[in-house]
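Remarks on the structure that follows.
Every number here is computed from the coordinates shown, using simple stated rules; none is lab data. Note that the structure is predicted; figures quoted are calculated from it, not measured. Cβ placement follows ideal geometry from the backbone for every residue including glycine, while neighbour counts extend to all protein chains displayed.
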Amino acid sequence: MMNNRPFTHIVVVAAALMLSACASVVSVVYPLNENAAKARAGTYQLDPDHASVLFAVSHFGFSTFRGRFDTLSGSLDLNSENPENSSVTIDIRTEGIHTGVSELDELLLADDMFASKDNPVIQFTSTSVDQTSDKAATISGVLTIRGVAKPVILEAHFIGSGTNPLTRDRTVGFSATTTVQRSDFGLKNWLPFVGDRVDITIDVEFIEKR
């Protein structure tokens, strides 16, 4: 029987060298910055392929039910030196809702809930930014749902910035959380069995405008 150990050894060594080379290339072309103060200032547009809004609500007290919105647009004016001068706007298309239950999606888009035909967009517009650390900021703003505008506060976390190694786009990424009472916006169906409190998480990348 032929001994395959020398051949196997060669393959393993070649693979290790390839991985090492790839790691070296990535380290050169993909230096990721994790300090918000060092992110490149400028005007960015939301990357719709890498953005989502997640929501969670109590379901009859038995579990936490989760859904998401996947159709987003928006813009970011980033001022790294003076973050208080930064601003962000995010538009969320109600038709992009996904709960995993198609019948529920239809009920949520109906006139007695999101009223999607007359109010196709949920919008957040910032009014002030207070950077609290190298990776965190409190963003105050106005959330508008089905024509009702209410003040909300986002607790934002800077993920990273740099050049996307695939697209070569300058990119910044954030995650933010907030909590709202859905009844404040007229979303009152199924109360109190389905919770009034809604926990929201926004995960988004922005691409620098060219």
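Just to be sure I follow the rule: in the range 33-208, considering lysines 8 or more places apart or on different chains, how many pairs have Cα atoms under 25 Å apart? Walk me through the numbers on the way to the answer.
On the way: LYS38/LYS135; LYS117/LYS150; LYS117/LYS188; LYS150/LYS188.
Lysine pairs meeting both conditions in the range 33-208 amount to 4.
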### Task
Identify which of LEU78, LEU54, LEU191 has the largest mean-square fluctuation in a Gaussian network model of the chain, with springs joining Cα atoms closer than 10 Å.
LEU191
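Using Stokes-Einstein with the Kirkwood hydrodynamic radius over Cα pairs, what translational diffusion coefficient do you get for the range 60-114 at 25 °C and a viscosity of 0.890 mPa s, in µm²/s rounded to a whole number? Present the calculation step by step, with values, prior to reporting the outcome.
Values: Rh = 13.9 Å.
After rounding, the answer is 176 µm²/s.
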### Summary
Mean separation of Cα contacts under 8 Å (at least 6 apart) over the residue count of the chain, i.e. the relative contact order in percent, is 23 percent
## Note on the structure
Charge tally for neighbours of THR163 with beta carbon under 9 Å away, counting Lys, Arg as +1 and Asp, Glu as -1, is +1
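Dipole magnitude of the chain about its Cα centre, charges +1 at Lys/Arg Cβ and -1 at Asp/Glu Cβ only, in debye to the nearest 20?
Values: 17 positive and 25 negative charges, 118 e Å.
My answer is approximately 560 debye.
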### Task
Can you spot the aspartates and glutamates whose alpha carbon is less than 20 Å from LYS209's alpha carbon? Ignore those fewer than 8 places along the same chain.
ASP47, ASP49, ASP77, GLU81, ASP91, ASP169
### Query
Could you give the nm distance between label points at THR177 and ASP111, where each point is 7 Å from its Cα heading toward the beta carbon?
3.8 nm
### Task
Quote to one decimal, in nm, the extra length available between ASN85 and VAL148 on full extension: 0.36 nm per residue of separation minus the C-alpha distance between them.
20.1 nm
### Query
For the range 54-210, what number results from the quotient of the Cα radius of gyration and 2.2 N^0.38 Å?
1.11
### Query
How far, in degrees from 0 to 90, does helix 5-29 lean away from the longest principal axis of the Cα atoms of the chain, to the nearest 10?
50 degrees
